[in-house]
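Novice: First, the structure itself, so that you have it in front of you.
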Amino acid sequence: MVSNEVLLEYQAQFPFLNQSIDKPIVYLDSAATTQKPKCVIDALNQHLLNFTANVHRGGHRLGREATAQFEAARIAVQGFINAKHAHEIIWTSGTTESINQLANILSGQIQPGDTIVTSILEHHANFVPWQQMAQRQNANFCVVPLDESQTTVCMKSFRQMLEKQPKIVALSHVSNALGTIHEIKTLCQLAKNAGAFVIVDGAQAIGHLPIDVQALGCDFYTFSGHKMYAPDGIGVLYGREDLLEALPPWQFGGEMVKRVSVEETTFNQLPYKFEAGTPNISAVIGLHTAIDFLTQFDQSQRLTHEQQLLHAMYDGLLEIDGICLLSPRENNVGVLSFTVEDEHHADIAMMLDQFDIAVRAGHHCAMPLMGALGTSGSTRASIGLYNTKEDIDYFIQSLNKTIRLLTV
Amino acid sequence: MSNDHLMNNFESTLSYAELLDLFEKAKGWEEKYRQIMLLGKQLKRPDGSLLIEANQVEGCESQVWMVIQKQENTLNIIAYSDSKIVRGLVGLLLIAIRELKLEEIAVFDAEAFFQTLKLESHLSPSRTNGLKSLIDHMIAAAKNEI
Ligand SMILES: Cc1ncc(COP(=O)(O)O)c(C=O)c1O
């Protein structure tokens with residue numbers, strides 16, 4: 001068990017927890033977005049107060065300082081995910097933009113009849129861009145189904161799809177609707193051996209698991225800052241250097257060019273080639289602070305804490321009549337999706353809201369998955385490092401009351 | 001709007017005055033919820049042929065279906081939702097307009113009505129629970145029929 005001091009140390013960093021004393025909210029929606037620690041809020045403030053300047057443009061002191069901090073953040077991200085080079089880190093507005101950018105810059109690689117593989121467990125952000133790309137390019141769109149556990153991808157089907165030598169394989173590291181940690185390293189290696197460009201959507205992994213893009217062997221890895229205690233509006237597209245060098249830019253504009261004449265344009269070097277326009281500078285700096293925040297804690301202790309809460313919640317849910325758990329107990333970052341017999345997920349969430357508990361209800365932007373699971377949606381409770389055993393106990397207790405209130 | 005009259009699917013006989021009285025007496029939110037759930041229980045599932053996409057109210061978390069018909073000088077509303085809470089809220093609304101004529105429905109102040117019941121903000125008509133659309137359609141239909 002994580003000691004009380006450690007837990008208090010996590011909690012002390014989140015002003016959110018102490019704000020609404022009369023009506024504290026039990027926040028179990030960290031998979032949607034995490035609360036922000038004070039250091040991140042302060043970093044945004046400090047930046048806006050003291051260092052507002054555009055980056056890589058002016059030669060003045062403020063601009064130099066802002067640029068230095070901006071590039072230091074890139075190096076922090078490089079270290080955080082163990083990329084080989086800092087220039088393999090491209091700033092985007094979030095996972096959604098990262099994947100859309102990829103689907104555009106990879107367009108030229110796809111010929112009619114080629115195969116693109118994704119899975120039934122994907123968030124729409126890692127599903128629709130590939131589906132649309134396939135339609136645009138007359139490519140085959142193959143979707144890996146669930147395995148027997150109904151919580152992760154079917155390895156057998158995946159292997160079969162790889163026989164078609166897909167050009168693109170896009171998979172999530174962790175399912176947002178279920179929390180499942182997929183066998184991503186194996187999946188990446190198989191896909192690489194089949195000769196595909198391998199894209200990993202790490203949006204749900206980044207706030208919990210250690211990430212090593214080189215060990216994973218993927219070509220691209222994407223995530224959003226707001227799911228790892230950083231501000232929203234900032235995300236990362238990691239890409240392997242040789243691929244980024246070879247691929248064309250998607251958006252055109254300021255700072256991504258080297259020389260422009262009436263006749264032609266030559267593009268800037270990496271990473272700037274893929275960063276047209278003024279980036280979200282303050283959020284980049286906030287992201288750096290969030291990385292420092294996360295890395296100050298002992299990683300395994302942090303994970304143990306989240307896993308203990310997950311297991312307590314899972315076991316608590318199992319004891320409630322009529323609950324059907326969609327998420328696995330193991331290999332899960334801390335997300336529990338469930339349905340309640342005869343009850344609508346919207347009713348469950350609305351009633352839990354009455355108990356000041358924040359959960360998510362709906363299809364979780366994973367309609368293909370919900371379809372495969374034979375449900376229109378679920379209630380999802382997800383854990384962040386600031387949650388406590390008391391939160392979980394209160395949640396289980398309130399869910400029991402909720403069901404009682406709904407069945408008059 | 002079709003002309004053959006559909007069976008109304010709301011079985012509660014509570015009058016508007018009785019409803020106000022119930023909510024006046026209800027202690028705390030749990031009791032109010034209980035009353036809403038009881039009302040929802042009396043909103044029976046209509047014939048499946050009505051639960052089609054064409055009758056669906058757009059853009060809410062749960063599914064809401066409705067058919068509005070003119071009946072003499074008032075409206076016959078058949079509505080249903082897959083959410084129990086929304087069914088209860090629909091019940092509230094049906095009681096509120098039960099004794100109203102078309103002219104009165106056309107100027108029905110839903111906000112004031114829900115305020116009278118002193119419900120939590122998330123139980124008032126919104127786009128997410130679908131009640132807002134339902135009320136908009138109801139008012140438009142009444143105006144149309146005057
Ligand atoms: C697995 C996964 N992919 C993609 C996204 C989209 O992220 P964003 O909305 O930050 O662009 C999310 C967010 O919920 C997610 O969980």
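The values are calculated or read from the model by the stated rules, or taken from the named source; none is laboratory data. Given the structure is predicted, the values throughout are model-derived calculations rather than measurements. Ideal geometry is used to build each Cβ from the backbone, glycine not excepted, and the neighbour counts take in all protein chains shown.
Novice: Could you tell me how many of the residues in the range B:34-55 are within 30 Å of A:Val359 (Cα to Cα), away from chain A (no Cβ under 13 Å) and not in a loop (DSSP other than H, G, I, E, B)?
Specialist: Result for the range B:34-55: 3.
Novice: Taking the stated definitions as given, is A:Val143 assigned by TED's automatic domain parsing to the domain that holds A:Leu190, more than 16 Å from the ligand (Cβ to nearest atom) and either at positive phi or not in a helix (DSSP H, G or I) (or both)? Spell out how you get there, then give the answer.
Specialist: Numbers: assigned by TED's automatic domain parsing to the domain that holds A:Leu190: yes; more than 16 Å from the ligand (Cβ to nearest atom): no; either at positive phi or not in a helix (DSSP H, G or I) (or both): yes.
Considered against the rule, which asks whether it is assigned by TED's automatic domain parsing to the domain that holds A:Leu190, more than 16 Å from the ligand (Cβ to nearest atom) and either at positive phi or not in a helix (DSSP H, G or I) (or both), A:Val143 comes out as no.
Novice: B:Trp65 versus (1) touching a Ser or Thr at 6+ places or on another chain (Cβ under 8 Å); (2) outside any loop (DSSP other than H, G, I, E, B); (3) within 13 Å of chain A (Cβ to nearest Cβ): which is the lone unmet condition?
Specialist: Single failed check for B:Trp65: (3).
Novice: Also: Report, by residue number, each residue of the range B:1-37 that is surrounded by 14 or more Cβ atoms within 10 Å (Cβ to Cβ) and among the aliphatic types (A, V, I, L, M).
Specialist: Of everything in the range B:1-37, those that are surrounded by 14 or more Cβ atoms within 10 Å (Cβ to Cβ) and among the aliphatic types (A, V, I, L, M) turn out to be B:Leu6, B:Leu14, B:Leu19, B:Leu20, B:Leu22, B:Ala26, B:Ile36, B:Met37.
Novice: Looking only at the range A:221-250, which residues are aromatic (Phe, Trp, Tyr) and either at pLDDT 95 or above or within 11 Å of the ligand (Cβ to nearest atom) (or both)?
Specialist: Within the range A:221-250, the subset aromatic (Phe, Trp, Tyr) is A:221, A:223, A:229, A:238, A:250.
Answer for the range A:221-250, where residues must be aromatic (Phe, Trp, Tyr) and either at pLDDT 95 or above or within 11 Å of the ligand (Cβ to nearest atom) (or both): A:Tyr221, A:Phe223, A:Tyr229, A:Tyr238.
Novice: Moving to a separate point now. Can you tell me which residues in the range A:64-110 are surrounded by fewer than 20 Cβ atoms within 10 Å (Cβ to Cβ), in a loop (DSSP other than H, G, I, E, B) and either on the phi > 0 side of the Ramachandran plot or in contact with a helix residue (DSSP H, G or I) (Cβ under 7 Å, 6 or more places away or on another chain) (or both)?
Specialist: Within the range A:64-110, A:Asn82, A:Lys84, A:His85 qualify.
Novice: Got at least one residue in the range A:161-170 being among the basic types (Lys, Arg), over 24 Å from A:Ile291 (Cα atoms) and either touching a helix residue (DSSP H, G or I) at 6+ places or on another chain (Cβ under 6 Å) or more than 11 Å from the ligand (Cβ to nearest atom) (or both)? Give the steps one after another, and end with the answer.
Specialist: Step one: of the range A:161-170, the residues among the basic types (Lys, Arg) are A:164, A:167.
Those left that are additionally over 24 Å from A:Ile291 (Cα atoms): A:164, A:167.
Now drop any that are not either touching a helix residue (DSSP H, G or I) at 6+ places or on another chain (Cβ under 6 Å) or more than 11 Å from the ligand (Cβ to nearest atom) (or both), which leaves A:164, A:167.
Taking every residue of the range A:161-170 in turn, at least one turns out to be among the basic types (Lys, Arg), over 24 Å from A:Ile291 (Cα atoms) and either touching a helix residue (DSSP H, G or I) at 6+ places or on another chain (Cβ under 6 Å) or more than 11 Å from the ligand (Cβ to nearest atom) (or both).
Novice: A follow-up question, please. Checking the structure you have, find out if any residue of the range A:343-355 is among the aromatic types (Phe, Trp, Tyr) and away from chain B (no Cβ under 14 Å). Please lay out each step first, then the result.
Specialist: At the first step, the residues of the range A:343-355 found to be among the aromatic types (Phe, Trp, Tyr) are A:355.
From what is left, the residues that are away from chain B (no Cβ under 14 Å) are none.
For the range A:343-355, residues among the aromatic types (Phe, Trp, Tyr) and away from chain B (no Cβ under 14 Å): absent.
Residue-by-condition table, conditions (1) more than 16 Å from the ligand (Cβ to nearest atom); (2) under 26 Å from A:Asp201 (Cα atoms):
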| position | (1), (2) |
| --- | --- |
| A:Asn50 | yes, no |
| A:Ser98 | no, yes |
| A:Gly108 | yes, yes |
| A:Phe127 | no, yes |
| A:Gln131 | no, yes |
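Novice: If you scan the range B:88-124, which residues turn out to be within 14 Å of the chain's Cα centre (by Cα), without any contact (Cβ under 8 Å) to a residue 24 or more places away in the chain and within 14 Å of another protein chain (Cβ to nearest Cβ)?
Specialist: Of everything in the range B:88-124, just one residue is within 14 Å of the chain's Cα centre (by Cα), without any contact (Cβ under 8 Å) to a residue 24 or more places away in the chain and within 14 Å of another protein chain (Cβ to nearest Cβ), namely B:Ser124.
Novice: What are the residues in the range B:11-32 that are in contact (Cβ under 8 Å) with a residue 24 or more places away in the chain and within 11 Å of chain A (Cβ to nearest Cβ), if any? Before you say what the answer is, go through the steps one by one.
Specialist: If we filter the range B:11-32 for residues that are in contact (Cβ under 8 Å) with a residue 24 or more places away in the chain, which is where we start, we get B:11-12, B:14-16, B:19-20, B:23, B:29, B:32.
Scanning the range B:11-32 gives B:Trp29, B:Lys32.
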